[in-house]
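One structure is given below, encoded as structure tokens.
Bear in mind these aren't lab numbers, they're just calculated from the coordinates by the rules spelled out. Note that the coordinates shown come from a computational prediction; the quantities given were computed from them, not determined experimentally. Please note: Cβ atoms are built from the backbone with ideal geometry, for glycine as well, and neighbour counts cover all protein chains shown.
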Amino acid sequence: MNHDAYPDYYLSDILKSTKTIALVGASPNPERPSHRVMAFLLRKGYTVFPVNPGQTGKEIQGQKVYARIADIPEPVDMVDVFRAANALPALVEEILALKVRPKVIWGQLSVRDDDAAAKAEENGIQVVMDRCPAIEYPRLVG
């Protein structure tokens, strides 16, 4: 996949088929982009599981926070990444170790690592990088 430009249908299909999202790097701070994007995704009907080891067991946006993706009690369709790009390789390794893998890894704005993306794609996971679902959803889904 060329991660410099995504066809609209590729992003639209992901946004329409996704139901459950692990939001890695979720913040309880209303000023943080991850907090606002999580609120947007919840309003659009997605089930969102916040992942933040420093907030484990607390709630963000009324949702229980998990330390790791593996701690989420059900499989997720997508992992939305609000971490620095250099965290992506380790996150891909964590995802590949899951019994049931997500269909998509979505790296937020500025989150891009082409080697990590290639590894995920080699293992059957779709990848989007340097994009925000809260920007793409209104543009592509409505």
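Observations on the model:
- DSSP-defined beta bridges in the chain - what % are antiparallel, rounded to 5: 10 percent
- Counted charge near Ala87, where neighbours are those whose Cβ lies closer than 12 Å (Asp, Glu -1; Lys, Arg +1): -1
- Intensity falloff of the stretch 18-79 expressed as log10 I(q)/I(0), Debye formula with alpha-carbon point scatterers, at q = 0.16 Å⁻¹: -0.41
- In terms of its alpha-carbon gyration tensor, the stretch 43-112 comes out rounded; the largest-to-smallest axis ratio a/c stays below the 1.5 threshold.
- Cα-only Debye scattering, the chain: base-10 log of I(q)/I(0) at q = 0.11 Å⁻¹: -0.35
- Paramagnetic reach from Glu122 (point 7 Å along Cα→Cβ, amide N under 16 Å) across the stretch 1-41: 1
- Taking Cβ atoms as reference points and 15 Å as the exclusive limit, the residues near Gln108 contribute a net charge of +1, counting Lys and Arg as +1 and Asp and Glu as -1.
- Farthest towards the positive end of the charge dipole of the stretch 81-131, among the residues Val81, Val111, Val92, is the Cα of Val81, using unit charges on the Cβ of Lys, Arg, Asp and Glu.
- Paramagnetic label zone (point 7 Å from Cα along Cα-to-C-beta, Asp4; backbone N under 16 Å) in the stretch 110-142: 113-115, 129-130
- The charge dipole of the chain, taken about the Cα centre with unit charges on the Cβ atoms of Lys, Arg (+1) and Asp, Glu (-1), comes to about 580 debye, rounded to the nearest 20.
- With a Cα cut-off of under 14 Å and a minimum spacing of 8 residues unless on different chains, the lysine pairs in the chain number 5.
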